[in-house]
Each structure stands twice: as C-alpha cells, then as structure tokens.
Amino acid sequence: MSKWAVIYSSVTGNTKMVAEAIAGAAEDADIFRVQDAPVDLSAYDIVAIGYWLRLGQPDPLTLKYLAKVQDSKVVFFQTHGAEPTSEHAITSFARAGYNLGQGCEILGTFGCQGKINPALLEKRKHAGADDPHGGAESQKRWQQAASHPDEQDLADARDLVTRMERKLELKKKFLAKQAAKLAALQKEE
C-alpha cells in the first residue's frame with residue numbers, strides 16, 4: 001500500500017472526522033492539521049487534502065496551503081452544508097484544483113455534508129428572501145446536514161482509500177504496458 005499524508009482543516013469537527021476515517025483506512029498514513037502540514041511531501045505517494053467550504057471554495061487556511069503543494073498525487077475531500085451533488089459542491093473541487101501548485105495530479109475526490117457552524121446558522125436565520133442561504137428550503141438542508149458526517153459517510157471515506165489505491169495500481173500497470181510497447185517498437189527500428 002501507498003504512504004499517505006492526510007491533511008485537513010476543520011472548525012466544527014466534520015472534516016477532522018473524515019480525515020481520521022481516511023487515515024485509519026490507509027495502512028501507512030500520517031495525519032496533519034493544515035497549519036502543521038509539511039511543505040515537502042516527497043515522502044508520500046498520495047496526499048489527501050480536506051477542507052470545509054467558504055464562499056464556494058476551500059477555507060482560507062487550505063487555500064494558502066494548496067499553492068505550496070507541488071509534484072504530488074492529490075485526493076481532495078470536503079465537507080459542507082450543501083447537497084454533495086450540487087453545483088456548489090462540485091465546482092468547489094475545481095477551485096481547489098485550480099489553487100494547487102505545479103506538477104500535481106488529482107487522483108480523486110470525496111465530499112459529504114457536515115454540520116454547519118452554529119454561529120453561521122444563527123446569522124443565516126435572519127437572511128432575507130433574496131439571500132441564497134435563506135428561506136425554508138435552506139433550513140431543511142441545514143437540518144439534513146446536522147446529522148452528517150454519519151456512519152455511511154465515514155464508510156464511504158474509508159472506501160475512498162481502497163478506490164484510490166486501486167486506481168494508482170491500475171495506472172502503474174497501464175504505464176508499464178505502454179513503456180513495454182514503446183520499447184518493443186524502438187527495438188524494431
């Protein structure tokens with residue numbers, strides 16, 4: 001199995017729970033809060049970076065760190081109050097990737113709902129009708145998010161490790177076959 005660095009930012013504990021599930025599923029993993037994470041990640045085969053969303057992108061601490069990550073195979077994981085398949089959730093992965101340093105390859109992503117910071121919920125209770133975070137539909141989503149990450153979310157996070165390990169192994173086999181074909185073609189010349 002691969003050596004993993006699991007790096008996370010968490011305010012309410014949601015992303016930390018997912019990070020711990022991922023690190024626990026990997027046979028060889030080091031786990032770091034983003035503010036304590038190393039810049040030199042060359043000792044790791046896979047770098048999993050987890051964050052909470054702010055304004056449709058990774059939180060400020062993670063954004064600052066992403067630019068320092070270079071030449072790594074990266075897996076993103078995120079927690080948020082939105083539906084995991086919403087445009088808000090999906091485009092935030094793109095924003096995270098856009099902020100990565102040079103030479104990185106994104107292996108995969110994982111997202112799940114998580115409890116919303118109570119201070120933010122209090123503020124949003126008074127949002128007007130024209131605010132996208134106000135109204136009855138938002139309150140329904142907040143209630144749904146309050147029970148996450150749940151056991152299924154954590155099981156899915158652990159499964160992410162298996163899927164990424166398999167993906168990496170298949171890629172290695174594919175590249176070895178491609179190299180063998182190229183070598184055979186060069187021999188024929």
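Under 6 Å by Cβ, and 6 or more places apart or on different chains, what pairs join a residue from the range 81-101 that is over 14 Å from D59 (Cα atoms) with one that is open to solvent by 50 Å² or more (accessible area, probe 1.4 Å) and in a helix (DSSP H, G or I)?
A82/H88
Hey, among the residues in the range 156-189 that are open to solvent by less than 60 Å² (accessible area, probe 1.4 Å) and touching a residue at least 60 places away in the same chain (Cβ under 8 Å), which one's nearest to W52 (Cα to Cα)?
Among them, the one singled out is A157.
Name every residue in the range 125-147 that is modelled with pLDDT of 70 or more and in contact with a helix residue (DSSP H, G or I) (Cβ under 7 Å, 6 or more places away or on another chain), in order of residue number.
Result: W142, single match.
Can you find a residue in the range 102-116 that is modelled with pLDDT of 95 or more, more than 19 Å from V18 (Cβ to Cβ), open to solvent by less than 40 Å² (accessible area, probe 1.4 Å) and among the small types (G, A, S)?
No - not one qualifying residue is present in the range 102-116.
For the range 1-98, give me every one of the helices (runs of 4 or more DSSP H) that falls completely inside it and has 1 or more residues that are at pLDDT below 95 and open to solvent by 20 Å² or more (accessible area, probe 1.4 Å).
In the range 1-98, 87-98 are the helices (runs of 4 or more DSSP H) which contain 1 or more residues that are at pLDDT below 95 and open to solvent by 20 Å² or more (accessible area, probe 1.4 Å).
The values are calculated or read from the model by the stated rules, or taken from the named source; none is laboratory data. Everything numeric here is computed off the predicted structure, so don't read it as measured data. Virtual Cβ from ideal backbone geometry, glycine too; neighbours counted across all protein chains shown. Heads up: the accessible areas ignore ligands, DNA and RNA and are worked out on the full protein's heavy atoms, side chains in. Shrake-Rupley method; radii C 1.70, N 1.55, O 1.52, S 1.80 Å.
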